[in-house]
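*Asks:* Here you go, one structure.
FYI, it's all coordinate maths here, none of it is from the lab. Treat the numbers as computed from the prediction; the structure is a model and nothing was measured. Here the Cβ positions follow ideal geometry from the backbone for every residue, glycine too, while neighbour counts run over all protein chains shown.
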Amino acid sequence: MSRPRWPPSVLLVAGIVAAVFAFAGGCGAAEDPAKPASDEPAQDGAAPPPDQANAAAADAQTDKPAEKPPEGQAEKPWAPPAFTERRAERDRMVRQIQAYGLTEKPVLEAMRSVPRHEFVPEALSRQAYDDGPLPIGYGQTISQPYIVAEMTRQLGLEAGAKVLEIGTGSGYQAAVLTHFTRNVYTMEIVGPLAEAAGKRLRRLGYDVVAVRHGDGYEGWPEKGPFDAIIVTCATGQIPPPLIKQLKAGGRMVIPVGGPFSIQRLMLVVKDEAGDVSSRSLMAVQFVPLLRRDPTRD
Amino acid sequence: MPPLRTRLAVALVSLAVIGTELALMRSLSLRYWHHFAYLVISVALLGFGASGTALALLGRAMGGWRREWLAGAALLFALAVPAARWLARGVPLDVQYLSWNLGQAVYVGLLQMLMFVPFFFGGAVVGLALTDEPDRIGGHYAANLVGSGLGGVAAVLLMHVLPAEDLFIVMAAVALVAGAVAMPWYRPGGVAAVLLAAAGLVHLFALAPRDPLFSPYKMLPQALAMPGSRVIHHDEGPLGRLDVVEGPALHYAPGLSLQFSDSLPPHVLLMIDGDAAGAVYDCTERDEWSFLDYTTGASAYHVRPMEEGDDGPPAVLIVGAGGGGDIGLARYHGAGSITGLEQNPDIIAAMTGPLRDRGGRIYEAPGVEVRQAEARGYLASTGRRFRVIQVPPVEAFGASGAGLYATQESYLYTVEAMEAMLDHMADGGLVCLTRWADEPPRDGLRLFDTARAALERRGLEPAGRLAMIRNWATVTVLASAEPFSPADTARLRAFCGPRRFDLCYLPDLRPGEVNRYHVLDHPYFAEGAAALLGSGREAFLAEYPFDVRATTDDRPFFSHFFRWKSLPALADQLGRRLRAYLERGYLLLAAALVQSVLLAAVLILVPLAPRAGELRSAPRKAAGLAYFLLIGLGFMALEMGFLGRLMLYLADPVYAAAAVISSFLVFGGIGSLASRAWPLAPRQVASVAAAAVVAIGTAYLLRLDAWLAATQGEAMPVRFLVAAAFVAPLAVAMGHLFPSGLRQVGLAAPAVVPWAWAVNGVASVIATVAAPLAAMHVGFARVGLVALGCYAAAGVLAWWLPERRPPAAPDSRPA
């Protein structure tokens, strides 16, 4: 009986190898369709090289905040900018927030007013009002709308209050805060994000927000003490410098927990005697990111 | 083909199969925590089962090309390892997301399928060798056993010198060599096939980076995302990958009192498998450790201050020396002799090598001795007594609450572990156990109940010997062999007040003292502790939404709190936030069980459907299939039970897996070979072997822990060998049943044979995942009992296997 020239096993090996090679080439050729928005970081979202990162960290204390009236000087009346574009989507987003049980009207109104789509990468603009966070590059996110609303509510801001935000990110939370007070200070450790957020806030008319590039752990002692501090990045601890910069009677809202998707929101209150107590507010789950970060290579 | 070449190829492939299993466990542990250990074994069995089915169906079609198929399967195995690794990196499975979207289970299935492919080809090599030359089956089988045994040992040894990801390269290369050895070189194209496979291997490995992939929710990627952060030291071994990270924006001292307002000393972060395992603080003076006095774990030193006793300076035992913080705290409080236990030799090497100056040489400070050991082994081997046994949190902050360790055995927080600690208390000694605090309380209450149970077992009344405090991040339980005096509790109050730590339980706790500083909706901790000590304990445990009952060595899943029966009430109460309370690890294992059932049915049973007609006419088929189902379930349930128990003895999942998998394969195989040697009918052999399994298994259920405890303190190689020695008699007996049954069935009802293989394969795949899941609910002992019940039933069923019909059929393997 004659046998085929090539054993089937060899043909099988050759076929699979060829198929794998072809597939590999196809995958490698895939392009990232995302394009950064105009005031997004010029880099493609990749972490800065170590040298650049070190330089950014070293520059942190010398960075100038965005335009802000000098302390003590009479402040111009402040009215946050109004936006009509994609209003219906914001209404839908607010209904989602209400479904979580949040009903405070000023908070809902602020959420309804700020154009979230301006704070997300262009490639994700369509999902801007979905019930979840979105990546903004450098491993950072814009938080789920409900979390932004809940944390804002917990601050109990009054008009004229001085509030410090740690973790500017895209600037969205800071923009929401301007609906309660014009004295909003925000810090971001990732230099390009801080720069982009500053530009974006000014472009959209939220120019009362002072943005600083620096390590939020240390806070912003020159501008403190603050009536409220909001930390928008999860942390394993509550930075002592931030507690120091909290006014007597001040409130700090901070998510605590590991870098996992579950964190607890915690309210830290400093009483008039300077003693600090805390309260667990709720367990929150920041929706994990499933989609590829469009700002990454 | 010369038998030597076949056997060499089989041995190499068997080695590579086991090595790939262990490499996968490590790699997936880096990426997804340790959830996948059982799943990897299950998938490997699935691959072997499916290859058996494929051979049963295609065997005849191979004609005279079986040798080429064997070589080709080895080459495909070699290629499948890097291909699966590369493709698996692209699977967007996010374990965190499972409770949010069960659609993630699809990705679990995809990952299973990718892992399945290499094992399918590996199984095909072994299956082809065993079925191709029936007269040489003994030697081929021995080669399979030797290779498997070497695979486990070689993989563990290689992990000392190679990163986990490089193990894949080694194992693929071994399989490639096996293919080259088996390839009939006289065939035109044989050389080309091997060269092509080699080129493919190189290309496939080049496709994916050699760096491991980490979940974005692990600490390492988060830390490295901070500007200026960098890895300053890196090492890798069987116990994990160590990264030391420094950066201007990294600040690590979780759980400090909110009243602490000073600066932290400069420090770097230690990370094991990408999760924070502590920090190395640059404290050169004793007083610089004072910041740690603002943690709840410092309470032990305040309740009973370190004063020199009759037996010399007070001794402290630190379980988990890590970066040395707890050693520093003990020194700050004047401990005269400090013994630190550190299980991971890479951490010790780093602390006494590259980080020596970073940590203020804390490992070498006067009175400090750091030993490479884990707590249970050390306590079993020492007669020393300590004033304080300090057990700091061993997992990353927040990990327990997220259910990341729900399926992981922890023998540090069991009643037996705490009994051992109490047994090593000096006069006035304290056990100080700290866990991260979660809400509603789970870790804290279980810790409290476990300490309570340990005291009761020691005949000590617990209510006067326990204390519990907490802050916003941690909960600490203090247990003492001697009752707390009013002076003790006064000192604890004096410690907690200024730090604004909440009292949860004291023997003389007063109303109004609880839930004052870190305010919860309800004084859960205080009420829970009181209930656990009172007559309503059982009612409280039954009604509490989470399972916080004390954990034991039999059910050592400390971080598993989830209860199905609470699900409706929790869903009603928490609404959308329920997802935050579901345990990822547990959900993953449950999802894996469902998918294992489906995959095993689809890949092993369904392909045999065309041959169902032959089965229908076979005699006593029900008894035959039930027999193979039972021994499949029993074998893997016992093996998984051993794996769970040996994690205590060998103190590590990877060592335990290597010892258990290799030992069961080798000794099970020896049993298979020996099964032919008895001058008895196959079904008689099966019955006697089943009786032996039940006898040995029962003895182990009753006494194994005590026997192992005698050598718990020995060095790892000794314990490895002891573990293998205990597996040996049981596995040898278990190994008799499959071939004996198969011979009996093959001689009398050959049509049942492929189905017997398939049913056995399906049962093995399912039992691998089901056994640990069941152990989480009912304990290893009951799972072991069920497994022994399976063997007992199989021993009885053996008598109902089809009768032998003359003339004798050829070998029992599927054609």
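*Asks:* Mean separation of Cα pairs under 8 Å and 6+ residues apart, divided by the residue count of the stretch B:592-728: what relative contact order is that in percent?
*Replies:* 29 percent
*Asks:* Write down the radius of gyration of chain B and its Dmax, each obtained from C-alpha positions, in Å.
*Replies:* 28.1, 90
*Asks:* Reported to two decimal places, what Rg/Rh ratio describes the stretch B:72-216 when computed on Cα atoms with Rh from the Kirkwood expression?
*Replies:* My calculation of the ratio gives 1.03.
*Asks:* Looking at chain B, identify the longest residue range that excludes and avoids all trypsin sites (Lys or Arg not before Pro) in DSSP loops having at most 13 other Cβ atoms within 10 Å.
*Replies:* B:385-815
*Asks:* In bins 5 Å wide, starting from 0, what share of all Cα pairs of the stretch B:293-388 does each bin hold, as a percent?
*Replies:* For the stretch B:293-388, the pair-distance distribution reads 3, 14, 25, 23, 20, 12, 4, 0.
*Asks:* With no solvent and one equal point scatterer placed on each C-alpha of the stretch B:675-802, evaluate the Debye formula and give log10 I(q)/I(0) for q = 0.13, 0.17 Å⁻¹, two decimals.
*Replies:* Each listed q maps to, in turn, -0.64, -0.99.
*Asks:* Can you give the FRET efficiency to the nearest 0.05 for residue B:626 and residue B:706, using r as the Cβ-Cβ distance and R₀ = 41 Å?
*Replies:* E(calc), rounded to 0.05, equals 0.70.
*Asks:* Extension gain residue B:777-residue B:601, at 0.36 nm per residue separation less the Cα-Cα distance, in nm?
*Replies:* Length gained, residue B:777 through residue B:601: 60.8 nm.
*Asks:* Indicate the helices, whole DSSP H runs only, in chain B that combine a mean Kyte-Doolittle hydropathy of 1.6 or more with a Cα extent along their long axis of 15 angstrom or more.
*Replies:* Answer set is B:37-58, B:164-182, B:190-207, B:584-600, B:653-674, B:780-797.
*Asks:* Given N residues in the stretch B:1-62, what is Rg(Cα) / (2.2 N^0.38 Å)?
*Replies:* Computed over Cα atoms of the stretch B:1-62, the ratio equals 1.44.
*Asks:* Quick one: if the Förster radius is 45 Å, what FRET efficiency do residue B:369 and residue B:564 give, using the C-beta to C-beta distance and rounding to 0.05?
*Replies:* The value I calculate is 0.45.
*Asks:* State, to one decimal in nm, how far the label point of residue A:105 lies from the label point of residue B:4, with both points 7 Å from Cα in the Cβ direction.
*Replies:* It works out to 9.3 nm between the two label points.
*Asks:* Could I ask something else about it? Under the Kirkwood approximation applied to all pairs of distinct alpha-carbon atoms, what is the hydrodynamic radius of the protein assembly as shown in Å?
*Replies:* Over the protein assembly as shown, the inverse of the mean reciprocal pair distance is 31.5 Å.
*Asks:* Suppose a student asked you for the relative contact order of the stretch B:617-815, using Cα pairs under 8 Å spaced at least 6 residues apart; what percent would you report?
*Replies:* Taking the mean separation of contacting Cα pairs over the length of the stretch B:617-815, I get 45 percent.
*Asks:* If each DSSP helix of 4+ residues adds -39,500 (n - 2.57) and the sum is divided by the residues in chain B, what number results at 222 nm, nearest 500 deg cm²/dmol?
*Replies:* Mean residue ellipticity, 222 nm, calculated: -18000 deg cm²/dmol.
*Asks:* So if I take the alpha carbon set of the stretch B:120-199, get Rg, then get Rh from the Kirkwood formula, what is the Rg over Rh ratio?
*Replies:* 1.02
*Asks:* Could you pull out the pairs from A:105/A:223; A:105/A:270; B:218/B:565; A:162/A:270; A:105/A:162 whose alpha carbons sit more than 19 Å apart here?
*Replies:* Over 19 Å Cα-Cα: A:105/A:223; A:105/A:270; B:218/B:565; A:105/A:162.
*Asks:* Something else now. Which one of B:231, B:319, B:759 has its Cα pushed farthest toward the positive end of the charge dipole of the protein assembly as shown, where Lys and Arg give +1 and Asp and Glu give -1 at the Cβ?
*Replies:* Most positive-ward Cα: B:759.
*Asks:* What's the magnitude of the charge dipole for the protein assembly as shown around its Cα centre, counting Lys and Arg as +1 and Asp and Glu as -1 at the beta-carbon? Answer in Debye, nearest 20.
*Replies:* Dipole of the protein assembly as shown, to the nearest 20 debye: 3860 debye.
*Asks:* Grab the Cα-Cα distance for residue B:285 and residue B:799, subtract it from 0.36 nm times how many residues apart they are, and report the gain in nm with one decimal.
*Replies:* Computed gain between residue B:285 and residue B:799 is 177.5 nm.
*Asks:* Let me ask something else. Per residue and in cubic angstrom, what volume does the convex hull of the Cα atoms of the stretch B:26-75 have?
*Replies:* Residue-normalised Cα hull volume stands at 80 Å³.
*Asks:* Taking H placed 1.01 Å from N in the peptide plane, check which residues at least 5 places from residue B:323 or on another chain put their amide H under 5 Å from its amide H.
*Replies:* For residue B:323, the qualifying residues are B:279.
*Asks:* Over chain B, what is the mean sequence separation of C-alpha contacts under 8 Å (at least six apart), divided by residue count, expressed as relative contact order in percent?
*Replies:* Computed value for chain B: 15 percent relative contact order.
*Asks:* Right, another one. Would you mind computing the Rg to Rh ratio of the stretch A:137-180 from its alpha-carbon coordinates, Kirkwood style for Rh?
*Replies:* Radius of gyration relative to Kirkwood radius: 0.97.
*Asks:* Further question on the same structure: Report the Cα-based extents of the stretch B:219-272 along its three principal axes, largest first, to the nearest Å.
*Replies:* 40, 25, 17
*Asks:* Next up: How much length would be gained if the chain were fully extended between residue B:611 and residue B:161, taking 0.36 nm per residue of separation minus their Cα-Cα distance, in nm to one decimal?
*Replies:* 157.1 nm
*Asks:* Compute the normalised compactness of the stretch A:134-255: alpha-carbon radius of gyration over 2.2 N^0.38 Å, N being the residue count.
*Replies:* After normalising by residue count via 2.2 N^0.38 Å, the value is 0.94.
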